[in-house]
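To start, the structure itself, in C-alpha cells.
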C-alpha cells in the first residue's frame with residue numbers, strides 16, 4: 001500500500017452532517033414564512049429546492065455563477081416555481097429581498113442544527129495521529145469556520161482551504177494543488193477523502209491525487225478506494 005504523507009478532507013456530508021442541518025433549517029423556513037400557501041407540503045418544497053440547489057452548486061464548482069447568485073437563486077427559485085416560472089428577467093424587488101432574508105436565516109439555522117456525522121470525531125482523531133489533515137471545502141466561509149470551531153475538531157486540522165478564499169473551487173485542480181503546496185508534498189503522497197464524486201473524487205482525479213469515496217451509491221464510477229462508512233477508512237490508512 002502506498003505511504004501517504006498528507007490527508008485532504010471534504011467537510012460537509014463527509015465530516016459534518018450537512019443534510020441533517022439543511023433539512024431542519026428548511027423545515028423552520030417553510031413554517032416561518034408560510035410556504036405552505038405555495039406548496040402542498042414541505043417535501044414538495046424540499047424537492048424543488050434541492051433540485052435547483054444541486055444545479056447551482058455544480059455551476060459554482062465550475063465557476064460559472066458567483067456565491068451571491070447561488071445563495072439568492074436557491075431561495076428565489078422555489079418562489080417562482082409555483083407561479084409556473086423557472087426564471088424571471090427582473091423579479092420584483094420584494095421577492096428578491098425576501099430570498100436574501102431567507103438565505104441569511106438559513107445559514108444561521110444550519111449552524112444551530114450542526115452535528116458531526118457518525119464516527120467523524122473518532123476517524124479525524126485517528127487520522128490526525130498519523131497524518132497532517134487539510135480541509136478542502138467549497139462551503140461559505142461565514143458558516144464553515146463556525147462549524148470548525150464548534151465541532152471540537154479544529155485542533156486536529158493543520159490547514160483549512162475554503163474555495164472562495166483560495167479563488168478556486170472543487171473540482172478544479174488548482175485548489176488541490178494549493179493543498180499540496182501548503183503541505184509540501186507531491187501528488188503521490190496525498191489522498192482525498194470525500195462524499196461527492198463530482199467535486200471531491202473527480203477533482204482529486206483531475207489533480208492526479210488518490211481518493212477515498214465515502215458513498216452508499218451503487219454505481220460504475222471508480223475511485224482509488226470506496227467505503228460505505230467513515231469508520232472503514234481506519235482499515236485503509
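Which residues, counting only those in the range 33-47, are closer than 19 Å to residue 104 by Cα and more than 18 Å from the chain's Cα centre (by Cα)? Break it down into steps so the answer makes sense when it comes.
Applying the first criterion (closer than 19 Å to residue 104 by Cα) to the range 33-47 yields 33-35, 45-46.
Correct list: 33, 34, 35, 45.
Taking residue 137 as meeting all but one of (1) touching a strand residue (DSSP E or B) at 6+ places or on another chain (Cβ under 8 Å); (2) within 20 Å of residue 27 (Cα to Cα); (3) buried (at least 20 other Cβ atoms within 10 Å of the Cβ), write down the number of the exception.
Single failed check for residue 137: (2).
Quick one: in the range 155-175, which of the residues that are assigned to a helix (DSSP H, G or I) and closer than 24 Å to residue 117 by Cα is modelled with the lowest pLDDT?
So in the range 155-175, the residues assigned to a helix (DSSP H, G or I) come out as 155-156, 163-166, 173-175.
If we keep only those that are closer than 24 Å to residue 117 by Cα as well, we get 155-156, 163.
Details: 155: 97, 156: 98, 163: 93.
Ranking the qualifying residues of the range 155-175, first place goes to 163.
Looking only at the range 140-154, how many residues end up being buried (at least 20 other Cβ atoms within 10 Å of the Cβ) and assigned to a loop (DSSP other than H, G, I, E, B)?
Within the range 140-154, residues that are buried (at least 20 other Cβ atoms within 10 Å of the Cβ) and assigned to a loop (DSSP other than H, G, I, E, B) number 1.
Every residue in the range 165-190 that is more than 18 Å from the chain's Cα centre (by Cα) and crowded, with 23+ Cβ neighbours inside 10 Å, please.
First, pick out the residues of the range 165-190 that are more than 18 Å from the chain's Cα centre (by Cα): 177-178, 180-190.
The answer is 190, and nothing else.
Give the range 191-223 a look and list any residue that's in a helix (DSSP H, G or I) and buried (at least 22 other Cβ atoms within 10 Å of the Cβ), or say none.
Of everything in the range 191-223, those that are in a helix (DSSP H, G or I) and buried (at least 22 other Cβ atoms within 10 Å of the Cβ) turn out to be 199, 200, 201, 203, 204.
Of the residues in the range 115-130, how many are surrounded by fewer than 19 Cβ atoms within 10 Å (Cβ to Cβ) and assigned to a loop (DSSP other than H, G, I, E, B)?
Adding up the residues that qualify gives 5.
Name every residue in the range 77-100 that is part of a helix (DSSP H, G or I) and surrounded by 13 or more Cβ atoms within 10 Å (Cβ to Cβ), in order of residue number.
Step one: of the range 77-100, the residues part of a helix (DSSP H, G or I) are 77-83, 93-100.
Selection gives 77, 78, 79, 80, 81, 82, 95, 96, 98, 99, 100.
Okay, residues lined up against (1) in the same structural domain as residue 123 (by TED's automatic domain parsing); (2) surrounded by 15 or more Cβ atoms within 10 Å (Cβ to Cβ); (3) not in a helix (DSSP H, G or I):
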site	(1), (2), (3)
1	no, no, yes
27	no, yes, no
40	no, no, yes
43	no, no, no
48	no, yes, no
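The values are calculated or read from the model by the stated rules, or taken from the named source; none is laboratory data. Because the structure is predicted, anything quoted here is derived from the model rather than measured. Here Cβ is always computed from backbone atoms with ideal geometry, including for glycine, and neighbour counts include all displayed protein chains.
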